[in-house]
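Report on one structure; see the data block that follows.
The values are calculated or read from the model by the stated rules, or taken from the named source; none is laboratory data. Keep in mind that what you see is a predicted model, and the values were worked out from it rather than measured. Every residue, glycine among them, receives a Cβ derived from its backbone with ideal geometry; neighbour counts consider all protein chains shown. In case anyone asks, the SASA skips ligands and DNA or RNA and just uses the protein heavy atoms, side chains included. Shrake-Rupley method; radii C 1.70, N 1.55, O 1.52, S 1.80 Å.
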Amino acid sequence: MKRVYIKTYGCQMNERDSEAVAAMLRDRGYEITSNETNADVILLNTCSVRDLAERKAIGKMDTLVWRKKRKPELVLGYMGCMAQSRGESLTKKQKTVDLVVGTQRFHHVPEYLDQVFAARKDDEQVEPIIDVAEESGSESTIKDHVLGTNGDRQVVGFVSIMQGCEMFCTFCIVPYTRGSERSRPIAEIVDEVCRLVDQGVKEVTLLGQIVTSYGRKDIGKKNGKSAFVQLLEAVNEVKGLERIRFTAPHPKGFGDDLVQAYAELPKLCELAHLPIQSGSNRILKAMNRGYTREWYLRVVDKLRAAQPRIAINTDVIVGFPGETEEDFEETAALMRQVEFDQAYIFKYSKRQDTPAADMADQVSEREKERRNQVLLEILNAGMARANEKLVGQTVEILVEGRSEKAGKRMFGRTRTNKLVFFDGSERHRGRLLPVRIERATHIALYGEAGIYSL
């Protein structure tokens, strides 16, 4: 039995794609291993959103190519966004790479590996397999799961509901690597959620490049509700499911129907990921984001009015071309005003073939780093204040498992996605458990499980 190791770079969509490929390979008779040193096949599932992710993947493959000189039978492959954007050029620079598979062809990986091994068995000259073609219906192929790979029961699952993006933000390569929007039918998604629940999953996260754009072309509105809200309502009805999350949305997708869903759907967690990217209207326009600072703040107010317990997370880019100190200060002021519960702050990096890459007034790396640190300080201070308020309170968590990094404590997450550690045992896994918070840091809570009321 051939052993396959998959290393994933980038977002939760990539993690989900890797899981689906692993499930398909397992069903084809391959063994999925967590130890790359004993693998017969090593696949890198790549990301193109940031330059660092691409450089990490290429550097990793350089190391593997060197290893292959000592182990010629090793099969090496790229999958995902960087494979899609760079294609054949990857095998020209790293000539012993055997496989390059794009974002709409993941489900062909098992057959391609079969072809590689069959050709080697017959001593045939094997040319690299490169497949970055588009494929109709590929959005419905990411449906298989590998749960509990270490023998532990998995209680959280991820469900891909769509592929592609048509927003064309000027900094982003995703529309070019993932293609146009393609959505799965509601019934098909609900069936997948039901199967996950039957296997012990209690929480699902619905995934898409722009998840709030789900079904807008082929399903449309019904009774004033977007296709995405229709999907949330359908998933909310799944018996045995406790929690629903989703990522990654676009602020423009937060219409009044979605805002109201936070007040009406009991399984929809009180968490909204609302990427702002910049607090400057001038930079937002240059980014082609399609909204203003004032519009964004109105959405925040609506969400907090509809669901007072809601946590709001965001994404921010510092150092976008032409960002002045005044523009940056507007972003810093917005972060102080909103007091986000979490934020993912990125330094702008040029992406090949995107409009922003050729814009004038590129910001220096040193200035990007400074601005990044300023926002991190604002964020961490706000997170620390918010978490400190929870000390002495009892919160409900879904227990996910045991943490090797936190003294082997058990851990879970609140509905607002705050990480909670406590002294417990395997019997707690998969349970909704009240925990009394005893201390807090800016990134985690520590508590005691017992007989507490919420």
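Taking every pair of Cα atoms in the chain, average 1/r, invert it to obtain the Kirkwood radius, and report Rg/Rh to two decimals. The partial results should precede the final answer.
Numbers: Rg = 22.7 Å, Rh = 23.5 Å.
Looking at the chain, the ratio lands at 0.96.
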Amide H contacts of PHE158 (H built 1.01 Å from N, under 5 Å, at least 5 apart or other chain): THR205
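Take the cross-link list LYS60/LYS143; LYS56/LYS143; LYS143/LYS285; LYS71/LYS121; LYS217/LYS239 and give me the ones stretching past 26 Å between alpha-carbons.
Values: LYS60/LYS143 28 Å; LYS56/LYS143 28 Å; LYS143/LYS285 37 Å; LYS71/LYS121 16 Å; LYS217/LYS239 29 Å.
Correct reply: LYS60/LYS143; LYS56/LYS143; LYS143/LYS285; LYS217/LYS239.
Hey, what does the equivalent ellipsoid look like for the stretch 318-454, semi-axes from the Cα gyration tensor as sqrt of 5 times each eigenvalue, largest first, whole Å? Before the final figure, lay out each step's value.
Details: eigenvalues 308, 56, 25 Å².
Working through the eigenvalues yields semi-axes of 39, 17, 11 Å.
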The chain - percent relative contact order, Cα under 8 Å, separation 6 or more: 10
Solvent-accessible area of ASP98 with every protein chain in place, 1.4 Å probe, in Å² to the nearest 10: 20
Phi-based couplings in Hz for the stretch 92-105 (Karplus 6.51, -1.76, 1.60; Gly and Pro marked x): 6, 7, 10, 5, 9, 6, 9, 8, 9, 10, x, 6, 9, 10
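On full extension of the chain, what length is gained from LYS285 through ALA306, given 0.36 nm per residue of separation minus the C-alpha to C-alpha distance? Before the final figure, lay out the partial values.
Values: separation 21, 0.36 × 21 = 7.56 nm, distance 2.85 nm.
The span from LYS285 to ALA306 would gain 4.7 nm if fully extended.
Express as a percent, rounded to the nearest 5, the fraction of DSSP beta bridges in the chain (both residues included) that run antiparallel.
Percentage antiparallel, nearest 5: 35.
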Accessible area in the full protein assembly, largest first, 1.4 Å probe, for THR247, THR324, THR46: THR324, THR247, THR46
√(5λ) per eigenvalue of the Cα gyration tensor, the stretch 230-369, largest first, Å: 32, 16, 13
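Filter the GluC sites (Glu not before Pro) in the stretch 145-251 to those in DSSP coil with at most 15 other Cβ atoms within 10 Å of their Cβ, and list the result. Could you put the intermediate results ahead of the total?
Working: sites: GLU166, GLU181, GLU188, GLU192, GLU203, GLU233, GLU237, GLU242; in loops: GLU166, GLU181, GLU237, GLU242.
Within the stretch 145-251, the qualifying GluC sites (Glu not before Pro) (loop, at most 15 other Cβ atoms within 10 Å) are GLU166, GLU237.
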Cα centroid of the stretch 399-454 to Cα centroid of the stretch 258-315, whole Å: 28
Free-standing Cys residues across the chain, given no other cysteine C-beta under 4.7 angstrom: CYS11, CYS47, CYS81, CYS165, CYS194, CYS269
Probe 1.4 Å, accessible area per residue of the chain, Å²: 45
Most to least accessible of ASP51, ASP40, ASP327 (protein chains only, probe 1.4 Å): ASP51, ASP40, ASP327
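Which value, in debye to the nearest 20, gives the size of the charge dipole of the chain about its Cα centre, when Lys and Arg are +1 and Asp and Glu are -1 at the Cβ?
Details: 69 positive and 66 negative charges, 169 e Å.
With Lys and Arg at +1 and Asp and Glu at -1, about 820 debye.
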Theoretical FRET efficiency, 1/(1+(r/R0)^6), r = Cβ-Cβ of GLU294 and MET1, R0 56 Å, to 0.05: 0.40
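If you wrap the stretch 1-100's Cα atoms in a convex hull and average its projection over all directions, what's the area in nm²? Don't skip to the answer; put the middle values down first.
On the way: hull surface 23.8 nm².
Its Cα hull, projected and averaged over all orientations, spans 6.0 nm².
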From phi via Karplus (6.51, -1.76, 1.60), per-residue ³J(HN,Hα) for the stretch 268-276 in Hz, x at Gly/Pro: 6, 5, 7, 8, 10, 8, 10, x, 8
Gain on full stretching of the segment that runs from THR394 to GLU36 - 0.36 nm per residue minus C-alpha separation: 124.7 nm
Protection-proxy order for peptides 110-119, 16-25, each taking the mean of Cβ atoms within 10 Å per residue, highest first: 16-25, 110-119
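Carbon-plus-sulfur fraction of the accessible area of the chain, 1.4 Å probe, in percent? Display every interim value, and only then the final one.
Working: 9670 of 20290 Å².
Summing carbon and sulfur atoms, their accessible area is 48 percent of the total for the chain.
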Estimated translational D of the stretch 2-55 in µm²/s (Stokes, Kirkwood radius over Cα pairs; 25 °C; 0.890 mPa s): 211
Kyte-Doolittle mean at least 0.0 and Cα axial length at least 15 Å: DSSP H helices in the chain: 186-198
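Would you kindly calculate the translational diffusion coefficient of the stretch 210-272, applying Stokes-Einstein with the Kirkwood radius from alpha carbon pairs, for 4 °C and a viscosity of 1.567 mPa s, and quote it in µm² s⁻¹ without decimals? If you can, show how the numbers build up before the last one.
On the way: Rh = 11.9 Å.
My calculation gives 109 µm²/s for D.
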The stretch 1-73 versus the stretch 359-378: alpha-carbon centroid distance in Å: 32
Candidates per trypsin sites (Lys or Arg not before Pro) in the stretch 71-179, loop by DSSP, up to 16 other Cβ within 10 Å: LYS95, ARG153
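Convert 4 °C to kelvin, take the viscosity as 1.567 mPa s, use the Kirkwood radius over C-alpha pairs of the stretch 299-357 as Rh, and evaluate the Stokes-Einstein diffusion coefficient in µm²/s, rounded to a whole number. Could you put the intermediate results ahead of the total?
On the way: Rh = 13.4 Å.
My calculation gives 97 µm²/s for D.
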Spacing of the two label points (7 Å from each Cα toward its C-beta) at LYS350 and ALA118, in nm: 4.4
Area of ILE443 that stays accessible when all protein chains are in place (1.4 Å probe, Å², to 10): 110
The stretch 248-337, relative contact order [Cα under 8 Å, separation at least 6], %: 37
Per-bin percent of Cα-Cα distances, the stretch 332-406 [5 Å]: 3, 11, 15, 13, 16, 14, 11, 7, 6, 3, 1
